[in-house]
Every structure is written in structure tokens, then in C-alpha cells.
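Please read the structure below before turning to the comments.
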Amino acid sequence: MGSVSTATATAGLGLVLLLLSLLNHAVKGVYINKIDQLGTDGCDFFQGSWIRDDSYPHYDTTQCPFIGKQFDCQKNGRPDNEYLKYRWQPNGCNLPRFDGKKFLLKFKGKRMMFVGDSLSLNQWQSLTCMLHLAIPQAPYTLERIGGLSNFTFPTYGVSIIFSRNALLVDVTRENNQRVLKLDSISSVSRKTWEGIDVIIFDTWHWWLHTGRKQLWDIIEYKNVLYKDMDRLSAYWKALNTWATWIDSQVDSKKTTIFFQGVSPDHEWFVGERVINCGGKRKPLKHSGVALKPQLVLEKVLQTMSKPIHLLNITNLSKFRVDAHPSVYGWGAHRGMDCTHWCLPGVPDTWNQILFAVLTHN
């Protein structure tokens, strides 16, 4: 390791210029680099609105006993159910209905992996439940080893895997410190990802944490150590490390790569007052301004040579201030969770779009 920088690394002029460039060149489509739109007949699945639909939800968690307590808001005592009654309607087209049997037949003998943090877990649990309910008589196995969870449908030879990897780049222990290495991806991670047919990557949430929740003690980049660094700048550097590995190592003829867009939380300050998702029962009328980390992600994906599909869930999810666990999550009345999503809920729509794209293509 190199010597420790005595000054905290900040975004500086370079990051300011980067953000100005991002704001001027924000991605409007849904595929980032030189590929067709993520939709059918030129329709953008990610631009639309939430409309009330009393036929929703299409399942409840009692039918999927493997769904984690942290996402089971009804079981945790949430008294209202209005948040379950909304359907995403794209502008100018209809989103195909999820067909779990078609999904399993199309991916017979294949493996899909979600790589990321607990928001990837949120989406993985949604998809495994939707598939199970499509063919409830089909046997399944669920195996958890360390940070790897494998949900398999043996009849179809389909595996839906979750790999917990919150930052995508390495955190190693050296000299009794956890070192975040922004320019390194371990051989363990690379081996885990290799040979998978479809991978959906995700990272952002854990880049924001400080104090006891922070996953590292010190940051290393190009053999220089930093006590801390502007988190958006660190995120950008890590994404570029990931992008370089994908471009150099992934065979796009064998592996399809998605990146889950930045999932928004709904907790913010107005002066000294905290506004959050607690007690909210309807979607917002407006999605608000673009999120800076999403703009950074889009900029990185634009530079890549391999085809990368952006599952651009940010905008549609920003409306859903009502769909978080709030106090009906992991702790059940002990904490406010405005980051994750209740199930059934918003991640089901993410998977409906994922299904539409994969089966269309």
C-alpha cells in the first residue's frame, strides 16, 4: 500500500466538470451504449405513470414463505393496502404481463445472477416469488452459502442467484484496517460472475454510509491511501474499474449484462426538518430532479465497448414514496426504512420490465 494522504480527497474541479457534462448529456433512452431501446417498437418502458388498478396485487407473501421479513410489510403490521393497488403504465405502450412459465422455458438450463446490495436482494426475492407462483407445483430448492443464495427450479434447470457484493470492488483487511480498493476486483468476484448467462449488477446505497455502517476504514486508489473521499467521486472510480473488467473479460455472446439503475430512497432534509416515507399512502405526482449517482452511472455505461443494458428503474421508482417499509420493515416499528421496498411492490415492476426485455430479445 502507498502512503496515506493527509488531506481528504474531494471531488475537485474534475468532478464538477464531470457533473456539468452529465447534466448536459443525460441519457434519455433506456439502453446506454449503441443498442436499441429497452422496449418494443421503440417504446420506452421507463417513462410513464402509476395508475390505480384494483386487480393488484397479484400475490401475497403467504404464498412465498421464503420472502424475507424485512420486505413483508403486511405481515409486519402495515395497516393500509392502498400502496399495493398501483400499476406502472408506460407512455404510448403497454407493459407485457409477466409470464413465469414462459420465462422458465426460455431460460431452461441457464443461470441468472443478481450482484449487489440489499436492493438486489429485494429484486431477487420478488423474481423468485413471481416465478414460484407462476408454476406453484414445480419443485424448487433454496440454498444459502455465505453471501451467495441460489434459488433453483430443477425441472427446468434454471437457477436464480443472489450474490451479495455491495460495492463491486474489493474491500481487504490490511494492518488491521478494512481497505476499500477502488481499482481492484478480486479473483473471487470474477470467478463468481464468470459463466453466468444473465447478470444484473447494482451498487450505490452503501457508498453513502459513514460511521459504524461504513464498510471500510480507509480508501486506496492507484497505490495512494485516503482517509476519505468524495463519495460520488469514489463511486465513479469504482464503476470505471467494473466497466474495464466487463469490457475486457465478458463474452457478450454468452453473457447478457444489465445494470440496475439507482433505486431512490425517500428521506431528505428541509432545513433541520426530516421528511421521509412514513405515513405516505399515495405515489408522488412528480418524480423530481435527476439523481447525481444515476447520471454518473449513465456516463460510465456510455463509455463501454460491450453492450450493457440499463434497467433504468430510477425515475419510475421515485414516484413511490408510499411503497417503502417505513416502520413495517426489518425491525417492525423499530426503525424507519425509506430505502427498500415492500413486497408485493415496486420490484415486481422492475422484474416485469426485465422479463419483457429478455423475452422480446
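What follows is calculated from the coordinates using simple rules that are stated; it is not laboratory data. Not measured: the values here are computed from a predicted model. Cβ atoms come from the backbone with ideal geometry, glycine included; neighbour counts cover every protein chain shown.
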For this session: Among the candidates Gly109, Gly116, Gly92, single out the residue that is within 14 Å of the chain's Cα centre (by Cα) and on the phi > 0 side of the Ramachandran plot.
Result: Gly116
Seminar exercise, completed: Subset of region 266-283, residues out of contact with any helix residue (DSSP H, G or I) (no Cβ under 8 Å at 6 or more places or on another chain) and surrounded by 14 or more Cβ atoms within 10 Å (Cβ to Cβ), comes to Glu267, Asn276, Gly278
Seminar exercise, completed: Of (1) in contact with a strand residue (DSSP E or B) (Cβ under 9 Å, 6 or more places away or on another chain); (2) assigned to a loop (DSSP other than H, G, I, E, B), Ser149 fails just (2)
For this session: Using the structure shown, decide if Phe258 is under 30 Å from Gly109 (Cβ atoms) and in contact with a His (Cβ under 7 Å, 6 or more places away or on another chain).
Result: yes
Exercise. Which condition does Thr203 not pass, out of (1) surrounded by fewer than 20 Cβ atoms within 10 Å (Cβ to Cβ); (2) of a type in the set (S, T, N, Q); (3) closer than 30 Å to Gly109 by Cβ, if it passes all the others?
Worked result: (1)
Exercise. Scanning for something surrounded by 20 or more Cβ atoms within 10 Å (Cβ to Cβ), touching a residue at least 24 places away in the same chain (Cβ under 8 Å), touching a Gly at 6+ places or on another chain (Cβ under 6 Å) and not aromatic (Phe, Trp, Tyr), does region 329-340 turn up at least one residue?
Worked result: yes
Exercise. Which members of region 75-89 meet the condition of being more than 22 Å from the chain's Cα centre (by Cα), touching a residue at least 24 places away in the same chain (Cβ under 8 Å) and surrounded by 14 or more Cβ atoms within 10 Å (Cβ to Cβ)?
Worked result: Asn76, Arg78, Lys85
For this session: Could you grab me the full set of residues in region 119-137 that are touching a residue at least 60 places away in the same chain (Cβ under 8 Å) and over 24 Å from Glu194 (Cβ atoms)?
Result: Asn122, Gln125, Ser126, Cys129, Met130, His132, Leu133, Pro136
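For region 284-318, how many residues are assigned to a loop (DSSP other than H, G, I, E, B) and surrounded by fewer than 23 Cβ atoms within 10 Å (Cβ to Cβ)?
Total meeting the criteria: 13.
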Problem set entry | Flag if Asp80 is among the acidic types (Asp, Glu) and over 16 Å from Pro283 (Cβ atoms) | no
Exercise. Has region 139-158 got at least one residue that is more than 27 Å from Lys102 (Cβ to Cβ), in contact with a Lys or Arg (Cβ under 8 Å, 6 or more places away or on another chain), surrounded by 19 or more Cβ atoms within 10 Å (Cβ to Cβ) and not aromatic (Phe, Trp, Tyr)?
Worked result: no
Exercise. Can you tell which of Ser326, Ser305, Ser252 is in contact with a Lys or Arg (Cβ under 8 Å, 6 or more places away or on another chain) and over 30 Å from Lys69 (Cα atoms)?
Worked result: Ser252
For this session: Can you work out which of the residues in region 219-239 that are among the aliphatic types (A, V, I, L, M) and either within 25 Å of the chain's Cα centre (by Cα) or in a helix (DSSP H, G or I) (or both) is nearest to Leu182 (Cα to Cα)?
Result: Ala238
Problem set entry | Subset tally (residues that are assigned to a loop (DSSP other than H, G, I, E, B) and either closer than 26 Å to Lys85 by Cβ or within 19 Å of the chain's Cα centre (by Cα) (or both)) for region 272-283 | 8
